[in-house]
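The values are calculated or read from the model by the stated rules, or taken from the named source; none is laboratory data. All values reported here derive from a predicted model rather than from experimental measurement. With ideal geometry, Cβ positions are generated from the backbone for all residues, glycine too; neighbour counts draw on all protein chains shown. Ligands, DNA and RNA are excluded from the accessible area calculation, which covers all protein heavy atoms including side chains. Shrake-Rupley method; radii C 1.70, N 1.55, O 1.52, S 1.80 Å.
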Amino acid sequence: MPTELPQGLLRELFQRLTRGDNLFLSSNGPGSDAALFNRVCAHEETCRERLLELGYKLVQGDNHYCLVSLDESPAAADYKLERLVELVRQVSFLSRHIENFGEGTFFSQTQLAARIHADPGAERFLAAYKGESNADKLDDLLRGLERRGYIDEADAARREYKVLSAIHYLMGFIDRLQINEEEGEGDAAS
Amino acid sequence: MGKTQEDAFFAVFMRGPRQALRLFFKYRARSLRADDVAALEQERCDAVDIQRLQAAGFLESDEGELCLDPRAERFLEDMLQAGDGPQLGWLREQLERLERWTRVHQDKPELRERAAREIGRILRSCRTHLRAQVVDLQRAVDYDFRTEPQIEAKELKLQWHLDSCQALGDLVRTLGATLREDPFFVTTQDREVLQRRERLLAELTRAHESLIEALQRISDYLNRVRRDAARIRKLLRLGDLIERMEFTARTNALQVADDLEGPALRGMSIHSVLDPERLDEHPDWVERVLKRLGHRTGGRKAERVILPVDAEPLDAEPIIDPGEVLEAFRRQDKDLFAFLSVLETEDGLLTVDQVVTLYCNLLSNEQAGGYLDIGPMKEAGAWAYATVDPHPSNAH
């Protein structure tokens, strides 16, 4: 049975998850996000039912929420695959170069730039991003991830970022990918 | 802690009591008489110094036998890092001493009084230390999980904590069984011993519950670490497959991609100062901007959100690319506001309100802002604006 929601919670949640580029609400998010996350947790079922009436599905992942429109028009298959490849490449790059990359991890952009310096694999990956130098391109990558809500700039002066809970959204797709290992190859990572 | 560091630590105490304190700490597993101390180290500890330590609460006495106060012992262990991690060896030793003294009590009537005192002391010491050991274990587990940067080392440490936790749990159970079943505890009438036994049994129950929680937490951490390690290995492998163009052939990527929905499919949002109806009439304008910014609609119709007048501004890319506007601005000589007033866009000239909005957006654009030199104020009709020179003398 739906219960009453606190005043303004549904409006705040809807606006937060539909406007701008950051479409995630992380439990360790910046500003008022963490508090909003806790409030939504306390009334999750009611929020879900009310949002369903508005045509949105409230998706709850590991310590994060996002919305999916029930009227969302289907995207082309090749576009979806392209997006998946981009996501996998981004997470693979970050996991390779940041120790313990995952929810709550702090990392320094400066140290990351130093680690990828003269790494041909990293250069190939960063070629798709804007900037003259690898440092600029890395900045473009990180700004994009920050805009989308996967990381947050924890300390602008020291150029430190924190990985937000929304990263589990990407990890979920990674977990579902299964590799068909050929005989004689390394660990079967499924 | 090395020998010199131990010397440095004990140097904080006065010379007289210092030697006695060090000796009692060294032999803290048992109680001592003054002549025991002298015999062990062939040095006489001044009785006055020992009394000073008793008065200060460092030592406690029972029928002429002395030992460190449990709190003092704990403090010294922490300071000298002699108490790292769960002291399984210590608890095991106390259990063995307990079993020895209960046998002494049973077999040597002449030593029963002393045996009872030792047993009482052991019970009290166990109770004091056990809670601290369990707390230390829990803290060490959380600390290693949070701070150890290497996944392999983290897994090893957690596994070690798991083994230690299980071993500590076994000792707790053994000690509890001894307290309940040993003939000494079943038959003794010594009120103080019985009281300490009850308190220790209560502490053992609490420790048992805490250790179960700790075991569960360590198991959860281990599962997460192992899952993360496996995921990282998988990610590296997936990255290699993508590089070798084998991603779709060697994985179920097509199936997973088909399930993509929600934020994963939303590359970016844009906003425009142009009339939404004009954008509806010219969908190619949106595609053109997205292409300029390196994105595409993916064959989907863009969702349009019309904000109320008093809505907070979106953090989104404007449909008018600020980079292109600024490049064009620098190629000519008018100041920024005048330039925008005659700027030709897809929709023709901008209205005054659109000029003002775009002017403000450009000045607040974090990438462009550092390159713009703000000059003196000027007026244009109802608006007063700061002039922005396209060719500043101190260009960045």
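Condition check ((1) surrounded by 19 or more Cβ atoms within 10 Å (Cβ to Cβ); (2) more than 14 Å from chain A (Cβ to nearest Cβ)) across all residues:
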residue	(1), (2)
B:Glu181	no, yes
B:Ala202	no, yes
B:Glu213	no, yes
B:Asp220	no, no
B:Leu238	yes, no
B:Met245	no, no
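Return yes or no: is B:Leu98 assigned to a helix (DSSP H, G or I) and modelled with pLDDT of 90 or more? So B:Leu98 passes the test. A Cβ distance below 7 Å, combined with a sequence gap of six or more or placement on separate chains, defines the contacts here; from the stretch A:8-19, residues that are under 18 Å from A:Tyr150 (Cβ atoms) reach residues that are in a helix (DSSP H, G or I) in the pairs A:Arg16/A:Leu36. Residues in the stretch A:52-74 that are surrounded by fewer than 19 Cβ atoms within 10 Å (Cβ to Cβ) and farther than 18 Å from A:Ser26 by Cα: A:Leu52, A:Glu53, A:Leu54, A:Gly55, A:Ser69, A:Leu70, A:Asp71, A:Glu72, A:Ser73, A:Pro74. Take the conditions free of Cβ contacts under 8 Å to residues at least 24 places away in the same chain, open to solvent by 40 Å² or more (accessible area, probe 1.4 Å) and more than 14 Å from the chain's Cα centre (by Cα) and apply them to A:Glu82. Does it pass? Yes; evaluated as a whole, the condition is true for this residue. Is it the case, given these coordinates, that A:His97 is within 13 Å of chain B (Cβ to nearest Cβ), out of contact with any strand residue (DSSP E or B) (no Cβ under 8 Å at 6 or more places or on another chain), open to solvent by less than 60 Å² (accessible area, probe 1.4 Å) and without any contact (Cβ under 8 Å) to a residue 60 or more places away in the chain? Criteria met by A:His97. For the stretch A:109-126, filtered to residues that are within 13 Å of chain B (Cβ to nearest Cβ) and under 21 Å from the mean Cα position of the chain (by Cα), the residue that is farthest from B:Lys154 (Cα to Cα) is A:Phe125. Scanning for something crowded, with 17+ Cβ neighbours inside 10 Å, modelled with pLDDT under 90 and in a helix (DSSP H, G or I), does the stretch B:186-194 turn up at least one residue? Yes, the stretch B:186-194 has at least one match.
Going by the conditions given, is A:Ala77 modelled with pLDDT of 90 or more and either among the aromatic types (Phe, Trp, Tyr) or open to solvent by 20 Å² or more (accessible area, probe 1.4 Å) (or both)? Here the answer is no, as A:Ala77 does not meet what is asked. Does B:Asp35 count as modelled with pLDDT under 75, open to solvent by 60 Å² or more (accessible area, probe 1.4 Å) and either under 22 Å from B:Ser125 (Cβ atoms) or assigned to a loop (DSSP other than H, G, I, E, B) (or both)? Considered against the rule, which asks whether it is modelled with pLDDT under 75, open to solvent by 60 Å² or more (accessible area, probe 1.4 Å) and either under 22 Å from B:Ser125 (Cβ atoms) or assigned to a loop (DSSP other than H, G, I, E, B) (or both), B:Asp35 comes out as no. Does the stretch A:70-86 include one or more residues that are touching a Gly at 6+ places or on another chain (Cβ under 9 Å), closer than 30 Å to B:Thr147 by Cβ and either at the interface with chain B (Cβ under 8 Å from one of its Cβ atoms) or part of a helix (DSSP H, G or I) (or both)? No, that holds for no residue.
Of all residues in the stretch B:165-178 being free of Cβ contacts under 8 Å to residues at least 40 places away in the same chain and in contact with a helix residue (DSSP H, G or I) (Cβ under 9 Å, 6 or more places away or on another chain), which is surrounded by the fewest Cβ atoms within 10 Å (Cβ to Cβ)? Among those residues, the one meeting the criterion is B:Arg173. Give the residue that is farthest from the other protein chains (Cβ to nearest Cβ), with candidates limited to residues of the stretch A:21-51 that are open to solvent by less than 20 Å² (accessible area, probe 1.4 Å) and among the hydroxyl-bearing types (Ser, Thr, Tyr). Among residues in the stretch A:21-51 that are open to solvent by less than 20 Å² (accessible area, probe 1.4 Å) and among the hydroxyl-bearing types (Ser, Thr, Tyr), the one farthest from the other protein chains (Cβ to nearest Cβ) is A:Thr46. Screening A:Leu58 against (1) out of contact with any Gly (no Cβ under 7 Å at 6 or more places or on another chain); (2) not in a strand (DSSP E or B) leaves a single unmet condition, (2). Residues that are among the basic types (Lys, Arg) and not in a loop (DSSP other than H, G, I, E, B) within the stretch A:6-50 comprise A:Arg11, A:Arg16, A:Arg39, A:Arg48, A:Arg50, listed in sequence order. Scanning the stretch B:103-114 for any residue that is open to solvent by 30 Å² or more (accessible area, probe 1.4 Å) and within 24 Å of B:Ala207 (Cβ to Cβ) turns up nothing. Just to be sure I understand, how many residues within the stretch A:127-165 are in a loop (DSSP other than H, G, I, E, B) and under 22 Å from A:Thr18 (Cα atoms)? So the count comes out to 5. Within the stretch A:118-139, count every residue that is open to solvent by 10 Å² or more (accessible area, probe 1.4 Å) and farther than 27 Å from B:Val256 by Cα. Going through the stretch A:118-139 one residue at a time, the tally reaches 13. Take B:Arg74 and tell me if it is of a type in the set (D, E, K, R), at pLDDT 85 or above and out of contact with any Phe, Trp or Tyr (no Cβ under 8 Å at 6 or more places or on another chain). No, not satisfied.
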